[in-house]
Amino acid sequence: MNQEKSIFSKIIDREIPADIIHEDEKCIVIHDINPRARIHLLVIPKKPIPTLFDLGPEDKDIMAHMMLLLPQLATAQGLDGFRTQINTGESGGQEVFHIHIHLLGN
Ligand code: AMP
């Protein structure tokens, strides 16, 4: 199935602007456009996996990479604690169908 490019893929490809604070070969990190905490980051894989339901064993490295990045990002933002959230599926409150981890801290 030919799925339309997600807004996050468009950000990764620099087709639309965003405040990118980290980029490496596997992911980018941006500030959420509608922050729900003093610090609200989104950690987004470059691979456009729609939801956690679509993960395969080949995605282990990507997911582990993003998990390991979270405390580094939090520390860089001056946080000594934070919350994470991954909304999954429409009924799970997901709006953008390209996996992302919310990192929230005050
Ligand atoms: P979710 O409900 O987990 O799919 O969350 C999607 C998140 O993406 C929301 O918190 C939005 O505020 C955020 N968002 C949507 N478009 C943009 C954008 N262009 N730049 C930054 N954040 C965005």
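The values are calculated or read from the model by the stated rules, or taken from the named source; none is laboratory data. Everything quoted here is computed from the prediction, not taken from an experiment. All Cβ positions, glycine included, derive from the backbone under ideal geometry; neighbour counts span all protein chains shown. Protein only, heavy atoms only, side chains kept; ligands, DNA and RNA dropped before computing areas. Shrake-Rupley method; radii C 1.70, N 1.55, O 1.52, S 1.80 Å.
Considering only the range 16-49, state which residues are more than 17 Å from Gln85 (Cβ to Cβ) and not acidic (Asp, Glu).
At the first step, the residues of the range 16-49 found to be more than 17 Å from Gln85 (Cβ to Cβ) are 16-26, 28, 46-48.
Ile16, Pro17, Ala18, Ile20, Ile21, His22, Lys26, Ile28, Lys46, Lys47, Pro48, listed by residue number.
Note on the range 25-52: residues that are under 13 Å from the mean Cα position of the chain (by Cα), open to solvent by 20 Å² or more (accessible area, probe 1.4 Å) and free of Cβ contacts under 8 Å to residues at least 60 places away in the same chain total 8. Among the residues of the range 48-105, those that are assigned to a helix (DSSP H, G or I) and farther than 21 Å from Glu25 by Cβ comprise Leu52, Phe53, Ala74, Thr75, Glu90, Ser91, Gly92. The residue of the range 79-91 that is farthest from the ligand (Cβ to nearest atom), among those that are out of contact with any Gly (no Cβ under 8 Å at 6 or more places or on another chain) and in contact (Cβ under 8 Å) with a residue 24 or more places away in the chain, is Gly89.
Restricting the range 1-19 to residues that are closer than 17 Å to Pro45 by Cβ and more than 10 Å from the ligand (Cβ to nearest atom) leaves a set whose member that is modelled with the lowest pLDDT is Gln3.
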